[in-house]
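Notes follow the structure.
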Amino acid sequence: MNIYDLIVARRTIRQFAPKPVPREILEKLVNVARLAPSAANLQPLEYIIVDDDGLKKKVFSWLKWAASIAPLGNPKPGHEPQAYIFVLVNRQIRQKMYEYDIGAAIENMALAALGEGIASAWVISIDKPRILELLHIPEHYELDAVLALGYPGQASVVEELTETCKKYWQEPDLTFHVPKRRLKDILHINKF
Ligand SMILES: Cc1cc2nc3c(=O)[nH]c(=O)nc-3n(C[C@H](O)[C@H](O)[C@H](O)COP(=O)(O)O)c2cc1C
């Protein structure tokens with residue numbers, strides 16, 4: 001798939017197949033996060049891969065999924081993420097604008113994962129104090145988000161966002177629908 005088609009195809013996936021994600025691929029994802037644009041090239045971000053079964057169980061219980069339809073969007077038993085990549089910000093390095101770095105790094109990882117056939121969910125609703133303790137994260141690091149990963153266990157499709165169709169929804173067969181604004185409603189050429 002070329003990069004345009006990959007970007008079009010990427011959707012947040014919250015149901016995963018019970019198939020492990022190779023450690024080697026997880027490390028490749030952190031490598032593309034490392035190479036993402038960084039404001040003033042300060043590079044304050046660091047990452048923790050979690051693929052240990054015991055840790056994954058604990059992490060899973062401290063994440064929140066698809067708030068607008070909770071608890072419907074929760075991964076079902078047996079369809080939990082197979083790995084996690086936590087994004088940390090080193091407070092001793094970070095300056096203003098570091099949030100942009102996080103966005104670029106996570107999107108790089110999500111797209112590179114999809115290139116390997118692996119789906120992802122960018123999750124910010126985390127019980128941070130618990131994860132900080134569980135993963136022995138030093139005090140001068142801020143925990144920002146996690147990318148939950150696994151081979152896809154559901155389909156997700158884009159819908160046209162309209163007055164009556166604004167929120168995402170999920171069908172009983174777990175197909176997810178995500179309304180997006182139309183190109184003509186967000187694109188201005190030469191003047192607003
Ligand atoms: C900053 C950020 C935080 C998010 N946090 C969560 C989250 O905590 N839980 C969740 O299930 N999805 C989360 N998402 C995923 C969004 O719900 C999802 O991107 C959005 O519904 C659009 O769907 P799409 O990614 O398939 O285009 C987050 C996305 C972003 C960009």
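Derivation of every value follows stated rules applied to the coordinates shown; laboratory data play no part. Quick caveat, the model's predicted, so the values are computed rather than measured. Ideal geometry is used to build each Cβ from the backbone, glycine not excepted, and the neighbour counts take in all protein chains shown.
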task: Starting from the stretch 175-192, keep only residues that are under 11 Å from Leu161 (Cα atoms), then list their pairs with residues that are surrounded by 10 or more Cβ atoms within 10 Å (Cβ to Cβ) and hydroxyl-bearing (Ser, Thr, Tyr) whose Cβ atoms are within a distance under 7 Å, requiring at least 6 positions of separation or different chains.
output: His177/Tyr168; Val178/Ser156; Val178/Tyr168; Pro179/Tyr168
field: Exclusive hit being assigned to a loop (DSSP other than H, G, I, E, B), more than 17 Å from Ala121 (Cβ to Cβ) and in contact (Cβ under 8 Å) with a residue 40 or more places away in the chain, set Pro37, Pro18
entry: Pro37
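Considering each residue of the stretch 60-79, count those that are more than 13 Å from the ligand (Cβ to nearest atom) and either surrounded by 14 or more Cβ atoms within 10 Å (Cβ to Cβ) or outside any loop (DSSP other than H, G, I, E, B) (or both), and give that number. It would help to see each step written out before you state the result.
Initial filter on the stretch 60-79 (more than 13 Å from the ligand (Cβ to nearest atom)): 61, 76-79.
Among the residues that remain, those that are also either surrounded by 14 or more Cβ atoms within 10 Å (Cβ to Cβ) or outside any loop (DSSP other than H, G, I, E, B) (or both) are: 61, 79.
Within the stretch 60-79, residues that are more than 13 Å from the ligand (Cβ to nearest atom) and either surrounded by 14 or more Cβ atoms within 10 Å (Cβ to Cβ) or outside any loop (DSSP other than H, G, I, E, B) (or both) number 2.
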message: Here's a check for you: in the stretch 9-53, which residue that is among the small types (Gly, Ala, Ser) and in contact with a strand residue (DSSP E or B) (Cβ under 7 Å, 6 or more places away or on another chain) is nearest to the ligand (Cβ to nearest atom)?
response: Ala33
message: Could you go through the stretch 84-95 and let me know if any residue there is hydrophobic (A, V, I, L, M, F, W, C), under 20 Å from Pro152 (Cβ atoms), surrounded by 20 or more Cβ atoms within 10 Å (Cβ to Cβ) and within 16 Å of the ligand (Cβ to nearest atom).
response: yes
message: Given the criterion more than 13 Å from the ligand (Cβ to nearest atom), farther than 24 Å from Ile25 by Cα, surrounded by 15 or more Cβ atoms within 10 Å (Cβ to Cβ) and without any contact (Cβ under 8 Å) to a residue 60 or more places away in the chain, identify the matching residue among Glu142, Glu133.
response: Glu142
task: Would you confirm whether any residue within the stretch 170-192 is surrounded by 13 or more Cβ atoms within 10 Å (Cβ to Cβ), aromatic (Phe, Trp, Tyr) and more than 18 Å from Val59 (Cα to Cα)?
output: yes
message: Contact list please: Cβ distance under 6 Å, first residue in the stretch 64-92 and hydroxyl-bearing (Ser, Thr, Tyr), second residue surrounded by 13 or more Cβ atoms within 10 Å (Cβ to Cβ), pairs at least six apart or on different chains.
response: Tyr84/Val50; Tyr84/Val59; Tyr84/Val146; Tyr84/Ala148
task: Filter the stretch 46-59 for residues that are in a helix (DSSP H, G or I), farther than 24 Å from Tyr98 by Cβ and either small (Gly, Ala, Ser) or touching a residue at least 12 places away in the same chain (Cβ under 8 Å) (or both) and give the result.
output: Gly54, Leu55, Lys56, Lys58
